[in-house]
C-alpha cells in the first residue's frame, strides 16, 4: 500500500497556497488572496495551519506601506515536492487513461 499523502497539503486550499508559493517563492497576503480568489479570513485560517507546520513564514515588511509577505520554507518545499511525487506515483499505479467510446 502506498504512503498516504500529507493531510495538511491534501486539503485543496492549502495545496493551492503552497503551490503558489512554491512557484513564486513569496507573495504579499493581498496577492495570494486575490490570485487564489479567497476571502481574507479563509486565507488567514489556512495560512496559520501551514505556518504552525513550518511550511511557510509570514513577515511584516515595509514596501511603501506595511504588508504581510508569505514565504515558503525549505520544509514547505520538501513537503510539496513529496506530495507531487506521491500524486505522480498514484497516477502511474492506476495506469493510463482509458480511451474510446464510453471511456
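Readers should treat all values here as calculations from the given coordinates under stated rules, not as data from a laboratory. Predicted model only: the values in this text are computed from it and were never measured.
If I take every Cα pair under 8 Å that is 6 or more residues apart in the stretch 56-103, average their sequence separation and divide by the length, what percent do I get for the relative contact order?
24
Among [x] 1.05; [y] 1.53; [z] 1.29, only one was calculated for this model; which label is it, if the read-out is Cα Rg over 2.2 N^0.38 Å?
[z]
How tilted is helix 74-94 with respect to the longest principal axis of the chain? Cα atoms for both, answer in degrees (0 to 90, nearest 10).
The angle comes out at about 20 degrees.
Cα centroid distance between the stretch 51-65 and the stretch 1-25, in Å?
Value for the Cα centre distance between the two parts: 18 Å.
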